[in-house]
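For reference, the structure is listed below as structure tokens.
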Amino acid sequence: PYDTLIVGQGPAGCAAAIYTARKGLRTGLIGERFGGQIMDTAEIDNFISVPKTEGAILGRHLEEHVKDYPVDIINDQRVDKLVPAVEKGGLHEVHLANGAHLKARTVIAATGARWRQLGIEGEDEYRTRGVAYCPHCDGPFFKGQPVAVAGGGNSGVEAAIDLANLASHVTLLQYDDKLTADEVLQKKLATLPNVTIVLNAATQKIVGDGKKMTGLTWKDRKDGSEHTLDVNAIFVQIGLLPNSAWLEGTVDLSPAREIVTNDRNETSVPGVFGAGDVTTEPYKQIIIAMGSGAIAALAAFDYLIRVPNA
Ligand code: FAD
């Protein structure tokens with residue numbers, strides 16, 4: 001069995017693997033896609049100490065760094081289920097979609113999250129060329145330019161407030177007939193002169209010149225009228241979905257289906273830790289996911305030296 005089996009090969013999982021391997025733990029690192037979300041990212045300007053990089057380059061560096069250590073890398077495998085140890089100090093079982101089972105004294109769940117998409121024409125074509133999901137990441141690229149936000153919940157309204165500081169104008173498109181964000185955020189939004197709120201707006205199509213996004217079309221759900229909007233970007237804020245289905249019924253999940261972790265990244269199951277975007281840790285960013293992976297790894301090491309084998 002492994003001392004530590006890490007599920008998920010994004011920034012959080014890779015950081016955890018380097019830390020546990022450096023502690024001399026027998027480490028496995030399993031996942032569906034090495035690199036995780038960064039493989040969908042074009043430019044990255046907020047990975048501190050590296051002023052500019054790209055997702056694919058950072059992904060390659062992550063892989064090289066992990067390979068400096070004796071980590072058992074198991075690629076292209078989907079995990080279906082966790083069967084926790086019956087007693088503290090026992091072995092957990094991780095079940096793979098291919099039918100195999102892996103055993104480990106500690107498990108670090110680092111399966112990340114994915115942004116809910118609009119599912120409209122042009123969204124795939126202009127992703128990273130105007131269609132964006134992360135205001136902290138991509139907001140500064142649209143300084144002084146008109147942008148849109150899709151979504152009137154907390155994340156959509158927060159994004160609009162954030163972007164109003166940078167963009168020339170922000171149009172917030174909300175599908176429902178009212179915003180659902182907290183009152184305090186709605187009040188703040190209403191004070192901003194360069195924000196327009198459009199309710200009952202179904203975003204229909206992203207348009208562009210083949211190279212980058214130049215606008216979008218939306219339909220008024222009340223009167224059926226169709227409209228165009230010239231914007232250089234749309235920030236899609238209609239939900240972040242944690243990849244936690246494989247843990248349903250074992251570790252405690254939040255109402256948003258994130259793994260509930262404490263400040264040592266412990267979950268409700270002894271010997272099972274969470275790291276990165278799949279957890280309740282706030283602010284989903286690469287540097288935060290890596291720090292979270294390091295905490296989970298050190299906490300797993302602490303567990304292993306304290307808890308006797310069952
Ligand atoms: P992820 O990167 O999501 O990795 C999860 C891993 O788990 C993957 O390997 C996945 O294949 C695997 N996995 C999931 N489910 C299973 C399963 N059932 N079985 C096996 N494996 C599984 N952050 C920044 O700091 N700066 C940026 O500029 C930036 N830009 C971004 C741009 C885009 C388009 C996107 C989508 C995100 C961006 N982010 C950015 C956010 C950043 O990418 C994430 O915060 C970070 O990747 C989270 O790391 P993670 O390891 O927790 O999860």
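If each DSSP helix of 4+ residues adds -39,500 (n - 2.57) and the sum is divided by the residues in the chain, what number results at 222 nm, nearest 500 deg cm²/dmol? Could you put the intermediate results ahead of the total?
On the way: 6 runs with 69 residues, N = 310.
About -7000 deg cm²/dmol.
Taking R0 as 41 Å, what FRET efficiency do you get between Val83 and Asp220 from their Cβ-Cβ distance, rounded to the nearest 0.05? Approximately 0.20, to the nearest 0.05. The residues neighbouring His95, those whose beta-carbon lies less than 14 Å from its own, together hold a net charge of 0 under the Lys/Arg +1, Asp/Glu -1 convention. Based on C-alpha pairs under 8 angstrom that are at least 6 apart in sequence, the stretch 159-204 has a relative contact order of 52 percent.
Pairwise over distinct Cα atoms, reciprocal of the mean inverse distance: report the Kirkwood radius of the stretch 176-259 in Å, one decimal place. Don't skip to the answer; put the middle values down first.
Values: mean 1/r = 0.0619 Å⁻¹.
Kirkwood radius, the stretch 176-259: 16.2 Å.
Packing, taken as the mean count of other beta carbons within 10 Å per residue, orders the peptides 24-30, 255-261, 219-225 from highest to lowest as 24-30, 255-261, 219-225.
For the stretch 114-246, what does the accessible surface come to per residue with a 1.4 Å probe? Please give it in Å².
Details: 6580 Å² over 133 residues.
That works out to 49 Å² per residue.
Could you tell me which helices of the chain pass both thresholds, a Cα extent of 24 Å or more along their own axis and a mean Kyte-Doolittle hydropathy of at least 0.5, with helices taken as whole DSSP H runs? Those that clear 24 Å and a mean of 0.5 are 286-306.
The stretch between Lys67 and Glu43, if pulled fully straight at 0.36 nm per residue, gains 6.2 nm over its current Cα-Cα span.
Ranked by the mean number of other Cβ atoms within 10 Å of their residues, highest first, the peptides 242-248, 94-100 come out as 242-248, 94-100. Evaluated over the stretch 6-153, the count of Lys pairs having alpha-carbon atoms less than 28 Å apart is 10 (only pairs 8 or more residues apart or interchain).
Carbon and sulfur: what percent of the chain's accessible surface (1.4 Å probe)? The C+S portion of the solvent-accessible surface of the chain is 50 percent. Quick one: Debye curve from the C-alpha atoms of the stretch 112-220, no solvent, what's log10 I(q)/I(0) at q = 0.11, 0.19 Å⁻¹? Evaluating at q = 0.11, 0.19 Å⁻¹ gives log10 I(q)/I(0) of -0.32, -1.00.
Hey, any idea what the orientation-averaged projected area of the convex hull of the chain's Cα atoms comes to, in nm²?
If I average the Cα hull's projected area over directions, I get 17.1 nm².
When peptides 69-82, 151-164 are ranked by their average number of other Cβ atoms within 10 Å per residue, the highest-first order is 151-164, 69-82. Per residue, the convex hull spanned by the Cα atoms of the stretch 216-267 measures out at 151 cubic angstrom. The radius of gyration of the Cα set in the stretch 237-310, together with its Dmax, comes out at 12.8, 45 angstrom.
Quote the Stokes-Einstein diffusion coefficient, in whole µm² s⁻¹, for the stretch 1-65, based on the Kirkwood radius over alpha carbon pairs, a temperature of 4 °C and a viscosity of 1.567 mPa s.
Working: Rh = 12.4 Å.
In µm²/s, the coefficient is 105.
The values are calculated or read from the model by the stated rules, or taken from the named source; none is laboratory data. Predicted model only: the values in this text are computed from it and were never measured. Please note: Cβ atoms are built from the backbone with ideal geometry, for glycine as well, and neighbour counts cover all protein chains shown. Remember, those area values only see protein heavy atoms, side chains included, never the ligands or the DNA or RNA. Shrake-Rupley method; radii C 1.70, N 1.55, O 1.52, S 1.80 Å.
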